[in-house]
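Participant: Take this structure, written in structure tokens, and hold onto it; I'll ask about it next.
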Amino acid sequence: MTMNFSVKTKQNTLISIRNIYCIGRNYRAHATELNSEVPKEPFFFQKSLPSLNTSNEFTIPKDREIHHELEVVILIGKNGEEIPIKNTDDYIQGYGLGLDLTDRKYQNELIRDQLPWLLSKSFKGSAIVSCFQDEKISEDFWLKINGDIHQKGNINRMIFSIAEQISFLSGMLPLMKGDLIFTGTPSGVGPIQNGDKLELGYGAKTIHSLMVK
């Protein structure tokens, strides 16, 4: 698999990616399934650029148990700092779906030792993203594994809205054109295996698929 640090828009324009930010525990049911507290304010972690994966395949690293985390992903279209909530739409270039693939066992060890999650989140190909579109994903979004729905979510059930995330994050650091924001996963996370076919979509539409190798 060739590493690619760009994503594609609906108009087939390639956008170079700068940073990948992810919010943690942004759906109550997901926090509950991980036996974690619901956060009082947004908290973020990062995935590395080499984790970006726009292809149709993913290879599981040897001897690691990898879990899927389905998310709506935002593509930032221009630089901004301290963006008011009412103005955040002006900074969104596109909406997509993605998977924040996670080495769950290793992540739990890092959490136990109060260490950063980076190495459990940033292995090669672990930030899977679809093409990006102009329209907001307002219908239920879902992940199918071998034809069966394993995760389903809706942005209306987020603890912190997309606008709140952009405003909060831009108040802590400058956002840049080409940044991605993974906006949180609903409940239903679980392991993937060799041979699985993963499909990401919303409503009746599939917008990305890949095979696990």
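Participant: Placing unit charges on C-beta atoms (Lys and Arg positive, Asp and Glu negative, everything else neutral), compute the dipole magnitude of the chain about its Cα centre in debye, rounded to 20.
Facilitator: Details: 24 positive and 25 negative charges, 69 e Å.
Here the size comes out at about 340 debye.
Participant: If I take the Cα coordinates of the range 54-213 and project them onto the principal axes, what are the three extents in Å, biggest first?
Facilitator: Extents along the principal axes: 44, 42, 26 Å.
Participant: If you take the square roots of the eigenvalues of the alpha-carbon gyration tensor of the range 173-212 and sort them as a ≥ b ≥ c, do you get rounded (a/c under 1.5), prolate (a/b over b/c) or oblate? If you can, show how the numbers build up before the last one.
Facilitator: On the way: a/c = 2.02, a/b = 1.79, b/c = 1.13.
Prolate, since a/c reaches 1.5 and a/b exceeds b/c.
Participant: Report, in whole Å, the centroid distance computed from the Cα atoms of the range 81-114 and the range 120-145.
Facilitator: Value for the Cα centre distance between the two parts: 11 Å.
Participant: Just grab the label-to-label distance for C131 and S187, each label 7 Å out from Cα along the Cβ direction, in nm (one decimal).
Facilitator: 3.5
Participant: Filter the GluC sites (Glu not before Pro) in the range 14-77 down to the DSSP loop ones having no more than 16 other Cβ atoms within 10 Å, then list what survives.
Facilitator: On the way: sites: E33, E37, E57, E65, E69, E71; in loops: E37, E65, E69.
Of the GluC sites (Glu not before Pro), the ones in loops of the range 14-77 whose Cβ has at most 16 other Cβ atoms within 10 Å are E37, E65.
Participant: List the trypsin sites (Lys or Arg not before Pro) in the range 65-155 that DSSP assigns to loop (not H, G, I, E or B) and whose Cβ has at most 14 other Cβ atoms within 10 Å. Which are they?
Facilitator: Values: sites: K78, K86, R104, K105, R112, K121, K124, K136, K144, K152; in loops: K78, K124, K136.
Hits after loop and neighbour filter: K78, K136.
Participant: Let me ask you something else. Which three numbers, in whole Å and largest first, are the semi-axes of the equivalent ellipsoid of the range 1-44 derived from its Cα gyration tensor as √(5λ)? Walk me through the intermediate numbers first.
Facilitator: On the way: eigenvalues 208, 27, 24 Å².
Three semi-axes, in Å: 32, 12, 11.
Participant: On to the next question. Taking 2.2 N^0.38 Å as the expected size of a compact globular protein, what ratio does the Cα radius of gyration of the range 17-131 give against it, to two decimals? Mind showing how you got there, number by number?
Facilitator: Numbers: Rg = 15.0 Å, N = 115, 2.2 N^0.38 = 13.4 Å.
Cα-based Rg divided by the globular estimate yields 1.12.
Participant: Report the extension gain between A29 and E199 in nm, rounded to one decimal, defined as 0.36 nm multiplied by the number of residues separating them, less their alpha carbon distance.
Facilitator: Residue separation times 0.36 nm, minus the Cα-Cα distance, leaves 59.0 nm.
Participant: Rounded, prolate or oblate for the range 121-194? Axes are the square roots of the Cα gyration tensor eigenvalues, ordered a ≥ b ≥ c, and the cut-off for rounded is a/c under 1.5. All intermediate terms of the calculation are to be shown ahead of the outcome.
Facilitator: Details: a/c = 1.93, a/b = 1.45, b/c = 1.33.
Prolate shape, in that a/c is at least 1.5 and a/b is the bigger ratio.
Participant: A further question on this structure: Show the residues, 5+ positions off or on another chain, whose built amide H is closer than 5 Å to the amide H of D140.
Facilitator: Here G203 satisfy the definition.
Participant: I would also like to ask the following. Just to be sure I understand the model, the point goes 7 Å from the Cα along the line to the Cβ. What's the resulting S36 to L49 distance in nm?
Facilitator: 2.7
Participant: Now for a separate question. Quantify how much of the Cα-Cα distance distribution of the range 65-120 extends past 14 Å, in percent.
Facilitator: Details: 1017 of 1540 pairs.
Looking at the range 65-120, the distances longer than 14 Å represent 66 percent of pairs.
Participant: Right, here's the next one. Give, as ranges by residue number, the residues of the range 172-195 whose backbone N falls under 18 Å from the point 7 Å along Cα→Cβ of S6.
Facilitator: 177-180
Participant: Specify whether the C-alpha gyration tensor of the range 1-83 places it in the rounded, prolate or oblate class, a ≥ b ≥ c being the square roots of the eigenvalues: rounded for a/c under 1.5, otherwise prolate if a/b is larger than b/c and oblate if not.
Facilitator: Details: a/c = 2.27, a/b = 1.19, b/c = 1.90.
Verdict is oblate for the range 1-83.
Participant: Under a point spin-label approximation (7 Å from Cα along Cα-to-Cβ), what is the L119-L173 distance to one decimal in nm?
Facilitator: Once both label points are built, they end up 2.0 nm from each other.
We did not get these values from a lab; they are worked out from the coordinates using the rules stated. What you are looking at is a predicted structure, and each value in this text was computed from that prediction instead of being measured. Virtual Cβ from ideal backbone geometry, glycine too; neighbours counted across all protein chains shown.
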